Amino acid sequence: MEKVLTTPVSAPKSDEEVGNGMTKREARKIRMRNMNKQEIAYMRRSRLFGIVWPIFRFFILFGLCFVIVYPLIYMISCAFRAPEDMSDPTVMWIPRTLTLEVIQETMEVMNFWSTLGTTVFLNVGCSLVQVASCAVAGYGFARFKFKGRGLLFGIVVLMILVPTQVISIPQYMLFRYFGPFNLINTPLCMYLPAAMGVGIRSGLMIFIFRQFFKGLPKELEDAAYLDGCGPFKTFIKVMIPNAKSSFLTVFLFSVVWYWNDYYVSSTFFTKNQTVALMLKNLSTLLSQTLFNNADVSPREQIVWMEAGCLLAIAPILIMYVFLQKHFTEGIERSGLVG
Amino acid sequence: MKMGYEKRKSMYGYGFIALWFVGALVFFLIPLVQSFLYSFQDIRPDTGGMVGGWVGLEKYNYALNVDPNYRQYLVSVLQTTLWKTPLILVFSLFVAVILNQKFKGRTFARAVFFLPVIIATGPVFNIINGNMASTGNSDASQFSTMFSTDLLGELMEFLGIYGISDGVQQTIETISENIFGIVWNAGIQILMFLAALQNIPASAKEAAQIEGATAWEYFWKITLPNVSSMILACFIFTIIDSFTDPNNSVMGRIGDLQMDWKYGEASAMAWIYFAIVLLAVGIVTVIVNKFVYYEVD
């Protein structure tokens, strides 16, 4: 007995070994000898599960990923084919004639580059000011006690709940007769609400920021206060650097929501100025400018529609590919967890 | 002038939310009240603003009893939300649990699953959905066209549940036909559940392993209680997302009426709709809150 204890355990020499010259299989046998029936059953079950589950999981994930990626593949496949290929029964995925013509035509119809310019200008600008204003408001709600805080936060929740459609008409009238000015069709009617924390889905963003700042340790600020920092300086110098990843995630959300929005922008813009609006009205635009009101079968029209989709999502898709890591990993630290 | 520390801090609090408050007042609260008032008026635009006379509840009567489509749309949107919401929740929790495990290609899988968050909210979704449906490429049939078989039917036959009861079969078929919509609407929910899953303390998992819990038991005893507070959040988010989706038929009807300058009717419809949304969210909150488990800190 003592002899066994004093023998030093030799290190495993290969992957197959666990030490003392035993293979994994032998070691398991010895362990199994000391187990009762229930334990053995449990071991068997978990081993079986460990083998079957990854296979099962692979199929589930593969299938679901397919459902998600499928439209993208379809989009790409359609956008680069000639319209005639749509009616060709032999063409399923790979077009018979590869062509860039459809893309070029769609770009012309959508007036792509100038539209893209306006959209980016609106989009990125609005997102930036929105994130800033929502962060400030969220911080106020998270860290300061003041009278009526519950009631005011109720307004934030109400902002999440009220559909935009309910308030779109009064908002239109507000911007149409904004004092002596008519702000309809100017970027201001997107910028003003965003800058004051009432833009698209601002309620949700204030909520996220509040949850996030609540989660940060209080000591951070107390230290800054003791050193003589005012609350605003503390916010800028201490809190913002700590909330970087959260800021990035919310900013990405904001960009995506502004990019995809067409309801709000169609209320305030009578001309098609953003990519989403262009896309919404693409079929009308196509028949007016490209087909000269001639009859093109709906099946063939798909080619241009899909090309339009591809053009519209390409910019954010590229952005997503680059920032994907922050988007999917950063969310875990973004304060969505209360 | 000297103020107490607490008082000064609360003043700073007002300072932080002041900008938002002014914005909310001008761009949110006042329009909200205005639209409520519009719904009782015969409203039309005029230079300088809206003019109209009081007509009482006439517009509400119009929305519910006269308009040929509104009630029908309302019922259909409610129905869709009713059966889709639980499905989206179960699905997103399931996917989040899988994506939380360690395996090769996890980063890729995650990136793919969050892709809909980027694309699905815009008009792109409608177009691809519509285009694929018109070429027989959407939903479950996309597999069928690929493998040129009725995959779903065969699977059900294989499992021995083909034709057991029409009800079951119909449910399965509806679900499979809508899998596209469900997968594409679950992005944010998956994200939220994943965040909650990552907050489960490692000690809980370890304890469960030592006690010999099966994966099934682990899910019910550890995972579910820990994400239950997120279930409420996801529930509400899903309901609101579905109700406020500019693509649903009620929203479409309201938009059409606005185009026709029938602002009174549109406002009345929007408010009826909003009242229903509030009611739904309220009911869900009360019910789900009973089952939510809050860790006592």
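Send over the Kirkwood Rh of the stretch A:97-163, from the inverse of the averaged 1/r over different Cα pairs, rounded to one decimal Å.
Values: mean 1/r = 0.0631 Å⁻¹.
For the stretch A:97-163, the Kirkwood estimate is 15.9 Å.
Can you give the accessible area buried between chains B and A, summed over both chains, with a 1.4 Å probe, in Å² to the nearest 100?
Numbers: alone 19470 and 21710 Å², together 32530 Å².
Its buried surface, counting both partners, is about 8700 Å².
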Per residue of B:267-280, other chain Cβ atoms within 10 Å number on average 2
Cα-based Rg then Dmax for the stretch A:111-280, in Å, read 17.8, 57
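What percent do you get for the relative contact order of the stretch A:147-283 when only Cα pairs under 8 Å and 6+ apart count?
Numbers: 74 pairs, mean separation 36.3, N = 137.
Computed value for the stretch A:147-283: 27 percent relative contact order.
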No solvent, one uniform scatterer per C-alpha: report log10 I(q)/I(0) for the stretch B:201-260 via the Debye equation at q = 0.24, 0.25, 0.29, 0.30 1/Å, two decimals. -0.92, -0.95, -1.07, -1.11
Using a 1.4 Å probe over the heavy atoms of the protein chains, calculate the carbon and sulfur portion of the accessible area of the stretch A:209-256 as a whole percent. 62 percent
What does the highest-first list of A:118-126, A:96-104 look like by mean Cβ count within 10 Å? A:118-126, A:96-104
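For the stretch B:203-297, which chymotrypsin sites (Phe, Trp or Tyr not before Pro) are both in a DSSP coil and crowded by at most 15 other Cβ atoms within 10 Å? Present the calculation step by step, with values, prior to reporting the outcome.
Working: sites: B:W216, B:Y218, B:F219, B:W220, B:F235, B:F237, B:F243, B:W261, B:Y263, B:W271, B:Y273, B:F274, B:F291, B:Y293, B:Y294; in loops: B:W261, B:Y293, B:Y294.
Those satisfying the criteria are B:W261, B:Y293, B:Y294.
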List the extent of the Cα atoms of the stretch B:13-111 along each of their three principal axes, largest first, rounded to whole Å. 66, 48, 23
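Please sort A:134-142, A:188-196 by packing, taking for each peptide the average over its residues of neighbouring beta carbons within 10 angstrom, highest first.
Per-residue mean Cβ counts within 10 Å order the peptides as A:134-142, A:188-196.
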Just to confirm the filter: which trypsin sites (Lys or Arg not before Pro) across the stretch B:208-262 are DSSP coil and have at most 12 other Cβ within 10 angstrom of their Cβ? none
Report, as an integer, the average count of C-beta atoms from other chains found within 10 Å of each Cβ along A:304-317. 3
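Using a 10 Å cut-off on Cβ to Cβ distances, tally the other chain neighbours for every residue of A:137-148 and report the average as a whole number.
Neighbouring Cβ atoms belonging to other protein chains average 5 per residue here.
The values are calculated or read from the model by the stated rules, or taken from the named source; none is laboratory data. Quick caveat, the model's predicted, so the values are computed rather than measured. Glycine also receives a Cβ, built like all others from the backbone with ideal geometry; neighbour counts cover every protein chain displayed. Just so you know, the surface numbers come from the protein's heavy atoms only, side chains and all, with ligands and any DNA or RNA stripped out. Shrake-Rupley method; radii C 1.70, N 1.55, O 1.52, S 1.80 Å.
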